[in-house]
1. Among the residues of segment 23-46, what is the count of those that are touching a helix residue (DSSP H, G or I) at 6+ places or on another chain (Cβ under 9 Å) and either in contact (Cβ under 8 Å) with a residue 24 or more places away in the chain or in a loop (DSSP other than H, G, I, E, B) (or both)?
2. (1) surrounded by fewer than 16 Cβ atoms within 10 Å (Cβ to Cβ); (2) assigned to a loop (DSSP other than H, G, I, E, B): which one isn't true of residue 395, the others all being true?
3. Hey, among 421, 431, 349, which residue is modelled with pLDDT of 90 or more and either crowded, with 16+ Cβ neighbours inside 10 Å or in a helix (DSSP H, G or I) (or both)?
4. Among the residues of segment 353-361, are any within 16 Å of the chain's Cα centre (by Cα), farther than 22 Å from residue 142 by Cα and in a helix (DSSP H, G or I)?
5. Can you say whether residue 218 is under 26 Å from residue 89 (Cα atoms), assigned to a helix (DSSP H, G or I) and either modelled with pLDDT under 85 or out of contact with any strand residue (DSSP E or B) (no Cβ under 8 Å at 6 or more places or on another chain) (or both), as far as the supplied structure shows?
6. Which members of segment 270-312 meet the condition of being under 30 Å from residue 81 (Cβ atoms) and more than 26 Å from the chain's Cα centre (by Cα)?
7. Can you tell which of 412, 368, 404 is under 25 Å from residue 282 (Cα atoms) and not in a loop (DSSP other than H, G, I, E, B)?
């Protein structure tokens, strides 16, 4: 009977997903069914409903709709074109130049907009046809676009790191933001290395070398966009404003920038706001349902039971971290990132703190794990966007995806077993 709640939760959740129930509703219903193992149906229903409501009662979550809105404004405001042009002058003449441009531009776009979907959509639409025209296979272009787009979820500002801060009980958002830089850049460099090797092997032609004048010119054009990074992250780290206040500053900055570039018009604002509201509503429903499941798991002592099971397997830190990484990679294949962070953070965080791992480092490790899931079926949203924009199929993209997956997993294990990769920058600012 001790493990009955775990059995009910897992079986009901998987069954609901299998018959096509949306993820948020599957989470809420499986939480309700698990509660009925301990208390009658009506009190269980009331409790789950209350927990969905109280799960959203957090000041930190206010940052999410603002960052979503700033991302939408960035996507519409011609930012992607300017970042691509700047990246082209830096690496366009190297082997696989257009693929490397995709990775660098996705990293820059991610550090500004913080959305993998927006990055995949923008980069795929702009660079995809250009890569095909230069002789690159559309499948290779799609694979590079899909994997590189996820880097923006590690490099701040990142909504999912804000969600992790909430789920972990208040890990510093500023520390998480700083911790994401080196792992994000490391992942990008490894993807570039693999893409360059693949392009050289396939004999894709080299681009034209840019002059210093071209580099300076494109940098000046992209500079206002890049300054958002300094304003938002710099303001948080120095202590001028909180992450929530920074998100509002980001919206104001992107509105001004959009009008400055003359890419956003007043008539575009209603649709941008509507799209932002739709995205925010989906995210918030997932957060509310996931917070209710986290509470139910705590009530039923599920994290403690799972912790006992894992620690009974081995007391070796390396082995336990390997198991947790494997489980998170598996979770990422079947579950979207936001609910996965909210549900599994309370389960694994007590285990890793017992092992002496810093919660900030674990947050980055978790996000890197789940980024892989965004590129895999059946719920890999970025995979579907990238394949759709490239007008190809998942089956054809798998072959060039595999070595890029390997690069992501190598980055994951380096960050897992070398703590300073994620903790060095926060330590410089005593965070």
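The values are calculated or read from the model by the stated rules, or taken from the named source; none is laboratory data. Being a predicted model, the structure only gives us computed values, none of them experimental. Methodologically, a virtual Cβ is constructed for each residue, glycine included, from the backbone with ideal geometry; neighbour enumeration extends over all protein chains shown.
1. We begin by selecting, within segment 23-46, every residue touching a helix residue (DSSP H, G or I) at 6+ places or on another chain (Cβ under 9 Å); these are 23-39, 41, 43-45.
Imposing the further condition that a residue be either in contact (Cβ under 8 Å) with a residue 24 or more places away in the chain or in a loop (DSSP other than H, G, I, E, B) (or both) reduces the set to 23-25, 27-28, 30-31, 33-39.
Counting residues in segment 23-46 that are touching a helix residue (DSSP H, G or I) at 6+ places or on another chain (Cβ under 9 Å) and either in contact (Cβ under 8 Å) with a residue 24 or more places away in the chain or in a loop (DSSP other than H, G, I, E, B) (or both) gives 14.
2. (2)
3. On the way: 431 fails: modelled with pLDDT of 90 or more; 349 fails: modelled with pLDDT of 90 or more.
When all the criteria are applied, what remains is 421.
4. Restricting attention to segment 353-361, the residues satisfying the condition of being within 16 Å of the chain's Cα centre (by Cα) are 360-361.
Going one step further and asking which of them are farther than 22 Å from residue 142 by Cα, we end up with 360-361.
The next check asks that each one be in a helix (DSSP H, G or I); those that pass are 360-361.
Within segment 353-361, one or more residues are within 16 Å of the chain's Cα centre (by Cα), farther than 22 Å from residue 142 by Cα and in a helix (DSSP H, G or I).
5. Details: under 26 Å from residue 89 (Cα atoms): yes; assigned to a helix (DSSP H, G or I): yes; either modelled with pLDDT under 85 or out of contact with any strand residue (DSSP E or B) (no Cβ under 8 Å at 6 or more places or on another chain) (or both): yes.
The answer is yes for residue 218.
6. Taking segment 270-312 as the starting set, the residues that turn out to be under 30 Å from residue 81 (Cβ atoms) are 270-283.
Of everything in segment 270-312, just one residue is under 30 Å from residue 81 (Cβ atoms) and more than 26 Å from the chain's Cα centre (by Cα), namely 270.
7. Values: 412 fails: under 25 Å from residue 282 (Cα atoms); 404 fails: under 25 Å from residue 282 (Cα atoms).
When all the criteria are applied, what remains is 368.
Yes or no, residue by residue, for (1) touching a residue at least 12 places away in the same chain (Cβ under 8 Å); (2) closer than 29 Å to residue 41 by Cβ; (3) assigned to a helix (DSSP H, G or I):
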{"site": "296", "(1), (2), (3)": "yes, yes, yes"}
{"site": "305", "(1), (2), (3)": "yes, yes, yes"}
{"site": "312", "(1), (2), (3)": "no, no, yes"}
{"site": "320", "(1), (2), (3)": "yes, no, yes"}
{"site": "324", "(1), (2), (3)": "yes, no, yes"}
{"site": "343", "(1), (2), (3)": "yes, yes, yes"}
